[in-house]
Amino acid sequence: MSFNSFITSAESLVTTHEQTRAGFLSIALEKNKVGDPYVKNALAFKAMVSHTTSPDDFWCMPNIRPFLLTAAGLSDKSMNYLTEDDQTAAIKELIEKFLKPAGADYIDEATYRYLLIKGDAVGGTMRNKIGALGQEKLIRAIFSSMDVQGIDCYWLSGDDKTFTWKRKAVGQADIESQVKALHWKNTNGDRILAFNMTIPTVKKNVDICLYKSNTTEYDKGKIVRRPERAIMLGELKGGIDPAGADEHWKTGNTALIRIRDSFSAAGYPGIKTSFIGAAIANAMAVEIYDQLQDEVLSNAANLTDVNQLVEYCNWIIQL
């Protein structure tokens, strides 16, 4: 078998209970990190208003207005559409309808309402973060494989508008969240691995994009306009919830079919495709394994299985 040697059957792809548990715990830890600033904000508010005797005293404290606006249920985005009078009216309704009826607990009432609204914001942030965490885990694994093999790697930050490539030092940590693309050389030549690129041939965003390219040819991401340079395109699904596993595979598989069909129609039928998922259930594992055996899918890995992930990374590095 030319694909991952640690995938010996469909069952070997399935995410175990222990892996699912570890994934949920990791997300819980990240959620606590994301939510911690809001908890600190709430504690600061309580300290700042501890001398007040009623919620009417808040009117004399303009510095806590942003906190009260959130407690009133207004999001940061909504502020762009509300006048100062609209915002004041929202605070007035908060005080009259909720804080005053709370009696002596008005400070706690304002605090709980703030945390309730920010809790929704944390949920939205985490939905985006879960996908990013999967990508960061993949990048860390690639870095580790390169370090072990002594491969020189250069990385490009997604925030760097100058497109300056930086050499990654051995053991360098905490840059995974910044990486937009990687460059290295193998026996076949220069390679660029980029993430979340809109591919014109497919007319869709693709998670993992491997190209025959040096840093100059990358040309600020314009390499995507050269389909003849594409080596492998892949889908990455970092969500760990088993309830969403089948839907993630359905979405990912549809994207992979579109990639293969689009490149074949453009005259490039040899494009390789791969799939990495954190939550892989029984039914989808069978489909993935069948596609690997039939060489429809070039490679795959369970993101929670270290052996599969490392071998997948070595495969990418050597392509």
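The values are calculated or read from the model by the stated rules, or taken from the named source; none is laboratory data. Computed from a predicted model, the values in this text were never measured in an experiment. In this analysis, Cβ positions are derived from the backbone assuming ideal geometry, glycine residues included, and neighbour counts consider all displayed protein chains. Side chains are part of the model used for accessible areas, which takes the heavy atoms of the whole protein and leaves out ligands, DNA and RNA. Shrake-Rupley method; radii C 1.70, N 1.55, O 1.52, S 1.80 Å.
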### Query
Which members of the range 29-71 meet the condition of being of a type outside the set (A, V, I, L, M, F, W, C), over 26 Å from the mean Cα position of the chain (by Cα) and surrounded by fewer than 14 Cβ atoms within 10 Å (Cβ to Cβ)?
LYS46, SER50, HIS51, THR53, SER54, ASP56, ASP57, PRO62, ASN63
### Task
Considering only residues that are without any contact (Cβ under 8 Å) to a residue 40 or more places away in the chain and aliphatic (A, V, I, L, M), look in the range 79-100 and name the one that is farthest from LEU68 (Cα to Cα).
LEU82
### Task
Answer yes if at least one residue in the range 274-281 is over 19 Å from LYS204 (Cβ atoms), assigned to a helix (DSSP H, G or I) and within 18 Å of the chain's Cα centre (by Cα), and no otherwise.
no
### Message
Looking only at the range 138-168, how many residues end up being charged (D, E, K, R) and part of a helix (DSSP H, G or I)?
### Response
2
### Query
Can you name the condition, by its number, that THR304 falls short on among (1) farther than 20 Å from LEU182 by Cα; (2) open to solvent by less than 40 Å² (accessible area, probe 1.4 Å); (3) part of a helix (DSSP H, G or I)?
(3)
### Message
Which of the numbered conditions does ILE316 fail, given that it passes all the others? Conditions: (1) open to solvent by 10 Å² or more (accessible area, probe 1.4 Å); (2) under 24 Å from ILE151 (Cβ atoms).
### Response
(1)
### Query
So ALA243 fits all but one of (1) aliphatic (A, V, I, L, M); (2) at pLDDT below 95; (3) assigned to a loop (DSSP other than H, G, I, E, B); what number is the exception?
(3)
#### Entry: Unmet requirement for PHE6, which otherwise passes all of (1) more than 29 Å from MET126 (Cα to Cα); (2) open to solvent by less than 70 Å² (accessible area, probe 1.4 Å); (3) under 35 Å from the mean Cα position of the chain (by Cα)
(2)
### Message
Can you say whether ILE130 is without any contact (Cβ under 8 Å) to a residue 24 or more places away in the chain, part of a helix (DSSP H, G or I) and in contact with a helix residue (DSSP H, G or I) (Cβ under 8 Å, 6 or more places away or on another chain), as far as the supplied structure shows?
### Response
no
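Let's see how each residue does on (1) surrounded by 19 or more Cβ atoms within 10 Å (Cβ to Cβ); (2) touching a residue at least 60 places away in the same chain (Cβ under 8 Å):
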{"position": "SER213", "(1), (2)": "yes, no"}
{"position": "ASP219", "(1), (2)": "no, no"}
{"position": "ARG226", "(1), (2)": "no, no"}
{"position": "ARG229", "(1), (2)": "no, no"}
{"position": "MET232", "(1), (2)": "yes, yes"}
{"position": "GLU247", "(1), (2)": "no, no"}
{"position": "ALA266", "(1), (2)": "no, yes"}
### Message
Given the criterion open to solvent by less than 50 Å² (accessible area, probe 1.4 Å), in contact (Cβ under 8 Å) with a residue 60 or more places away in the chain and assigned by the TED database to the domain that holds ALA301, identify the matching residue among ILE139, ILE175, ILE151.
### Response
ILE151
